[in-house]
Amino acid sequence: MKGFRLANLVLAFLLLSWTAIGYAAGSAHSVSITILHVNDLHGHIQTTAKSGGAAYLAGLIEQHRSADPGGTVLLAAGDMFQGTPVSNVFKGKPVVEIMNRLKFDAVTLGNHEFDWGWPELLKIMEQASSPYLAANLVNRDMSRPPKINKSILLERKGVKMAVIGIITPETAFTTNPRNVKDFKFLQPESVLPKMVRVARAKGAKLIIVLSHCGLERDVKIARRVQGIDVIIGGHSHTAVTPPLVAGKTIIAQAGSNGLYLGVLKLEIDGKSGRVIDYSRDNLKSITASAGSPFDPETEKIVSRYSDSIKNEFSRVVGESGVDLLRNSEGESNLGNLICDAMRSESGAEIAFYNSGGIRANIYHGKVRLEQAFEALPFDNVLVSMDLTGEQVKSILEKSASLEIGILQVSGLKYKINASKPKDGRVEDVTVNGIRLDPKNIYRVVTNDFLAAGGDRFLTFKEGKNIVYGDDVRESFIRYLEKRSPVTPRVEGRIVIAR
Amino acid sequence: MPGKKKERITVYVDGRPVQLYRGMTVRHALVSFESGLCAAVEEGGISVMDENGFEVGLDGALEDGSRLALKKSG
């Protein structure tokens, strides 16, 4: 009986001192390390109602760094540049300058880093002082792309840590194919096990995966790959607080758009590198409130580019000999021009754009960048797909119901007999002059809003062979730059008989 | 060519299945689910939570099977 009770006591002691994730309380050799992290900034460097912007982010980073200068690491988990006019217009340069000032220890590539094409990404990495990582990104011949490392070895307070970068393999699918045609995106699980082994062999006690794969994928990676201590994530724009634990891996992500700074404090056994404990209150809001830490030097960078963008917006991108007018109830010459640009960019036979997405007229004369932004303020991308003639007609019938603004078109002409009942109003549809064949397959381009079934155009969700393209507005601007002066007309693409 | 094997994903918004193209985001799920939801999220009236209860941004990536819940803010 005594022996039984003793065994029970020993067992109870062992269970109490070991949590489900294997963390134990206290250690004589423990070391505190702080991982500061941001992800999916998407160019949000200016102060807005929702976020303090880069100057307040910088202040917060400095505050945490100065609390433990020898024990802090600063990481970025991808998608830092594309997303706001001030960053897009300058192709990410303001963000690079700010990140250089903040001295990021490592940055992983995100899918949107490829939006402007490889030459622009290369420029960004050449301007950057931080190492860029993506262990699962290779050239077509499996060689390493320039300027991109697989991992980096850091040391803080005598603890060696490996930071391994991973980018989502979905990049190959979600980006304009011409931007990624020279690359392969390998599955993270196919590269990580060896990377972890190599890192440990080099003396790394702590393994950090800097991932741009999304939280759900990070959880799968944690379960499938042994030996990862921490995953710092991005891509799914998730505000992970408290950190998630999958197996023995701690997973964190700091939301998006400059809303949060991730502050993950780890208590590490200095000898073994095992994580003993971690902070639960790990996301700090970046706000422009009184008393919030602020970096005036970063603010100078933001202001310089914010002021410069006013000049950029005045830049002439084209010329129109006629007023470009929108019209939600019929054919519009501005709608024609936008759709022609989409077709030219994508090579599709037919283009559709929702009238509701065209928000301003452009009057004749020089067309300035600002006007392009006003006409097309939404950040839509081109989506190309195969649709049958029958599906195209179904889309036209929905447009002809005139319940929501009419779809603007290019590549086809048709008549709407408004006196007929809905779903029977469309007549005389021709594609490039040839009668629409219900059984034929047509290559159609539209925007991602419609492709998702926006405005209840559900037939767009039935497409096949989906290819994502560039930003619609940028395609329109390029078209204007090449083709100006333009003189689009209302030319009978859509004839409505009432 | 990558992606040829599966072009569509099914995500769930408040338990209801929503079909999307692979590569689409939380924003597209809301556009497909109900008109006006994106505007409500942008204005702060509604938050979108993932299956772990974490808030996700409108431009967050989705996977096949992702589950989202809409929550009235404030």
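The values are calculated or read from the model by the stated rules, or taken from the named source; none is laboratory data. Predicted model, so just to flag it, every value in this text is computed and none were measured. No Cβ is skipped: glycine too gets one built from the backbone with ideal geometry, and neighbour counts run over all protein chains shown.
Below are the figures for this structure:
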quantity	calculated
Subset of region A:215-248 that is assigned to a strand (DSSP E or B) and not hydroxyl-bearing (Ser, Thr, Tyr) - its residue that is nearest to the other protein chains (Cβ to nearest Cβ)	A:239
Those residues of region A:94-124 which are under 21 Å from residue A:214 (Cβ atoms) and in a helix (DSSP H, G or I), in sequence order	A:111, A:112, A:113, A:114, A:121
Residue A:478 among the basic types (Lys, Arg), assigned by TED's automatic domain parsing to the domain that holds residue A:386 and part of a helix (DSSP H, G or I)	yes
Filtered residues of region A:91-118 (kept if surrounded by fewer than 20 Cβ atoms within 10 Å (Cβ to Cβ) and among the polar types (S, T, N, Q))	A:100
Of all residues in region A:46-71 being buried (at least 22 other Cβ atoms within 10 Å of the Cβ) and modelled with pLDDT under 95, the one that is nearest to the chain's Cα centre (by Cα)	A:51
Selection from region A:254-311 of residues that are in a strand (DSSP E or B) and either of a type in the set (S, T, N, Q) or under 19 Å from residue A:49 (Cα atoms) (or both)	A:254, A:260, A:261, A:283, A:284, A:285
Within region A:159-214, considering residues that are basic (Lys, Arg) and part of a loop (DSSP other than H, G, I, E, B), the one nearest to the other protein chains (Cβ to nearest Cβ)	A:181
Those residues of region A:133-155 which are touching an Asp or Glu at 6+ places or on another chain (Cβ under 9 Å) and part of a strand (DSSP E or B), in sequence order	A:139, A:152, A:154
Strands (runs of 3 or more DSSP E) lying entirely in region A:344-400 (those with 2 or more residues that are of a type in the set (Phe, Trp, Tyr) and in contact with a strand residue (DSSP E or B) (Cβ under 7 Å, 6 or more places away or on another chain))	A:350-354
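For every residue, the table says whether it meets (1) modelled with pLDDT of 95 or more; (2) closer than 30 Å to residue A:86 by Cα; (3) in contact with a Gly (Cβ under 8 Å, 6 or more places away or on another chain); (4) surrounded by 20 or more Cβ atoms within 10 Å (Cβ to Cβ).
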{"residue": "A:337", "(1), (2), (3), (4)": "yes, yes, no, yes"}
{"residue": "A:351", "(1), (2), (3), (4)": "yes, yes, yes, yes"}
{"residue": "A:370", "(1), (2), (3), (4)": "yes, yes, no, no"}
{"residue": "A:382", "(1), (2), (3), (4)": "yes, yes, yes, yes"}
{"residue": "A:392", "(1), (2), (3), (4)": "yes, no, no, yes"}
{"residue": "A:399", "(1), (2), (3), (4)": "yes, no, no, yes"}
{"residue": "A:414", "(1), (2), (3), (4)": "yes, no, no, yes"}
